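The values are calculated or read from the model by the stated rules, or taken from the named source; none is laboratory data. Since the model is a prediction, treat every value here as computed from it, not as a measurement. We place every Cβ from the backbone using ideal geometry, glycine too, and count neighbours over all the protein chains shown. Accessible surface is based on the protein model in full, side chains and every heavy atom, while ligands, DNA and RNA are left aside. Shrake-Rupley method; radii C 1.70, N 1.55, O 1.52, S 1.80 Å.
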Amino acid sequence: MTPGQYLSAAITSAVSARLATSTATLSPQSTEQSPMARQTLSDAALGNALQRTAATWPGVIVGGWGYQGKTETVCEVAAEFEDTWLEMNDFVNPGLGLGVRALHAPVAYVQTPVTATPKSLCEAILAFFGASTKNMTLPQLIRQVAGALDDHGVLVLILDDITRLRLHRVDDQDAFDLVRAFMSMNVTLVLVGVDIVGSGLLRRASWDKRSRQWVMPPAAGGRVHGLEITQNERRFDFVELDRFRYTTPAQIQAFHDHLGGLEAALRLFNAAPGMLTDGSMPEYLMRRTNGVVGLLDRLIRDGAEEAMDSGRELIDEELLDQIILSLHDPERDPGAGEIPQVPAARSAPAAARTLKAAGPGRRGRNTVFDDDGPQPAQAGA
């Protein structure tokens, strides 16, 4: 390698490291509801795994609108549980006998297919384990799923985007019956989706005040697609993650604390203390994101990259006005609420009018609750 090539490689490496430390270090921050969600998930996963009874294990339903950090919260807790369980058992599946190949996966994560049927759901679960599903009938797939969960020692099964199931369709009703049947396999079932209450998933469930759980009645008959199931009722803890609010002092303080955590993770050369928390910046960020955690994280990440590319090395409202949030994702279903509405960035004329109305040396009016009119149509919606 010539000196020039070596220098170029060194510069490229430095730039890559700079980007990594400035944006990838934005670790997920806690919201008002996330501590309760984490505790509920952790208690259910570890508590069920440690019990020795043959009873149907209660599950957890995590709800909230799109980009609220549901999947990130669930996966973080599941990863912590998996690390704890593997260390407790010396990284060996305790359910296997001598001479059996140890394929231990305490947690399995599966995304619900957009058009879910019992067959496609089984194929998605088996794809997590890399198992072949070619030319298999539905009964064969179900037996394969049951065998895979048992052979790998799965204790937590996460089904993301579960509200893609439309329960007015027969196939989706069959798929949901199969999902509930998985609870008979001694796994903690974690269902993640948007607008859980409005989706109809809890339509046949009742609220148990004593246990503070949603209770689903047992399926009619003892079999679901040939799978033997217990006749126990299915119990779920339900937690919901919501966006930040900016009304009460406690809500405002929670949002400021969240911004402080994001600010502490940024590595910008010209960033001063209070870059995201002082002045009108918190109100600006609330207006740009409506308090949605995923939108806020995306805006700050894109802003940090623009600050480095432009050489400004700091984030302010003028820079963020240039950032256009685009959430077009072919793997997401806008109709199911998986992609939120994005507030429009304040235009330059509007910003000029605000400053002119404020006058020299005066702070502009609080515009966080202003009505900007109808939202622009989402691309791909």
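Here are Ala108, Ala127, Ala102: which of them is surrounded by fewer than 15 Cβ atoms within 10 Å (Cβ to Cβ) and modelled with pLDDT of 90 or more?
Details: Ala108 fails: surrounded by fewer than 15 Cβ atoms within 10 Å (Cβ to Cβ); Ala102 fails: modelled with pLDDT of 90 or more.
On inspection, the qualifying residue turns out to be Ala127.
Does the range 132-139 contain at least one residue that is basic (Lys, Arg), surrounded by fewer than 18 Cβ atoms within 10 Å (Cβ to Cβ), under 26 Å from the mean Cα position of the chain (by Cα) and over 29 Å from Gln51 (Cα atoms)?
Checking the range 132-139: not a single residue is basic (Lys, Arg), surrounded by fewer than 18 Cβ atoms within 10 Å (Cβ to Cβ), under 26 Å from the mean Cα position of the chain (by Cα) and over 29 Å from Gln51 (Cα atoms).
Identify, by number, the condition in (1) open to solvent by 40 Å² or more (accessible area, probe 1.4 Å); (2) not in a loop (DSSP other than H, G, I, E, B) that Gly147 doesn't meet.
Unmet condition: (1).
Can you find even one residue in the range 176-195 that is aromatic (Phe, Trp, Tyr) and within 30 Å of Asp83 (Cβ to Cβ)?
To start, the set of residues in the range 176-195 that are aromatic (Phe, Trp, Tyr) comprises 176, 182.
Within this subset, residues satisfying the condition of being within 30 Å of Asp83 (Cβ to Cβ) are 182.
Yes: the range 176-195 contains one or more residues that are aromatic (Phe, Trp, Tyr) and within 30 Å of Asp83 (Cβ to Cβ).
With respect to Leu7, determine if the residue is at pLDDT below 75, in a helix (DSSP H, G or I), of a type in the set (A, V, I, L, M, F, W, C) and farther than 20 Å from Ile162 by Cβ.
Working: at pLDDT below 75: yes; in a helix (DSSP H, G or I): yes; of a type in the set (A, V, I, L, M, F, W, C): yes; farther than 20 Å from Ile162 by Cβ: yes.
So Leu7 fits the description; yes.
Kindly indicate which of Asp195, Asp257 is modelled with pLDDT of 90 or more, of a type in the set (D, E, K, R) and either touching a helix residue (DSSP H, G or I) at 6+ places or on another chain (Cβ under 7 Å) or surrounded by 13 or more Cβ atoms within 10 Å (Cβ to Cβ) (or both).
Unique residue meeting the criteria: Asp257.
Does Ala181 satisfy the criteria of being open to solvent by less than 20 Å² (accessible area, probe 1.4 Å) and part of a strand (DSSP E or B)? Spell out how you get there, then give the answer.
Details: open to solvent by less than 20 Å² (accessible area, probe 1.4 Å): yes; part of a strand (DSSP E or B): no.
Here the answer is no, as Ala181 does not meet what is asked.
What number of residues in the range 311-327 are more than 11 Å from Asn270 (Cβ to Cβ) and open to solvent by 60 Å² or more (accessible area, probe 1.4 Å)? Explain how you work it out, then say what you get.
Of the residues in the range 311-327, the ones more than 11 Å from Asn270 (Cβ to Cβ) are 317-327.
Filter once more, keeping what is open to solvent by 60 Å² or more (accessible area, probe 1.4 Å): 318, 322, 324, 326.
Going through the range 311-327 one residue at a time, the tally reaches 4.
Could you please let me know if Ser206 is modelled with pLDDT of 85 or more and surrounded by fewer than 17 Cβ atoms within 10 Å (Cβ to Cβ)? Break it down into steps so the answer makes sense when it comes.
Details: modelled with pLDDT of 85 or more: no; surrounded by fewer than 17 Cβ atoms within 10 Å (Cβ to Cβ): yes.
So Ser206 fails the test.
Conditions: (1) buried (at least 21 other Cβ atoms within 10 Å of the Cβ); (2) of a type in the set (D, E, K, R); (3) farther than 30 Å from Thr188 by Cα. Arg245 meets all but one. Number of the miss?
In the conditions (1) buried (at least 21 other Cβ atoms within 10 Å of the Cβ); (2) of a type in the set (D, E, K, R); (3) farther than 30 Å from Thr188 by Cα, Arg245 misses (1) alone.
Which of the residues spanning the range 33-89 are among the polar types (S, T, N, Q) and in contact (Cβ under 8 Å) with a residue 40 or more places away in the chain?
Correct list: Gln33, Ser34, Thr40, Asn48, Thr56, Gln68, Thr71, Thr73.
Pairs needed: first member in the range 287-301, open to solvent by 10 Å² or more (accessible area, probe 1.4 Å); second member anywhere, assigned to a helix (DSSP H, G or I) and of a type in the set (Ser, Thr, Tyr); C-beta distance under 8 Å; at least 6 residues apart or different chains.
Once the first residue is open to solvent by 10 Å² or more (accessible area, probe 1.4 Å) and sits in the range 287-301, its partners that are assigned to a helix (DSSP H, G or I) and of a type in the set (Ser, Thr, Tyr) give Arg301/Thr23.
Across the range 272-286, what is the number of residues that are open to solvent by 20 Å² or more (accessible area, probe 1.4 Å) and under 14 Å from Leu320 (Cβ atoms)? If you could, list the steps in order and put the result at the bottom.
Restricting attention to the range 272-286, the residues satisfying the condition of being open to solvent by 20 Å² or more (accessible area, probe 1.4 Å) are 272-273, 275, 277-280, 283.
From what is left, the residues that are under 14 Å from Leu320 (Cβ atoms) are 275, 279-280, 283.
Residues meeting the conditions: 4.
Select from the range 163-178 the residues that are at pLDDT 75 or above and open to solvent by less than 20 Å² (accessible area, probe 1.4 Å) and list them in ascending order.
Thr163, Arg164, Leu165, Ala175, Phe176, Leu178
For residues in the range 328-353 being assigned to a helix (DSSP H, G or I) and open to solvent by less than 40 Å² (accessible area, probe 1.4 Å), which is modelled with the lowest pLDDT?
Going through the range 328-353, the residues assigned to a helix (DSSP H, G or I) turn out to be 334-336, 348-353.
So of that shortlist, the ones also open to solvent by less than 40 Å² (accessible area, probe 1.4 Å) come out as 336, 350-351.
Working: Ala336: 61, Ala350: 48, Ala351: 45.
Out of the qualifying residues, it is Ala351.
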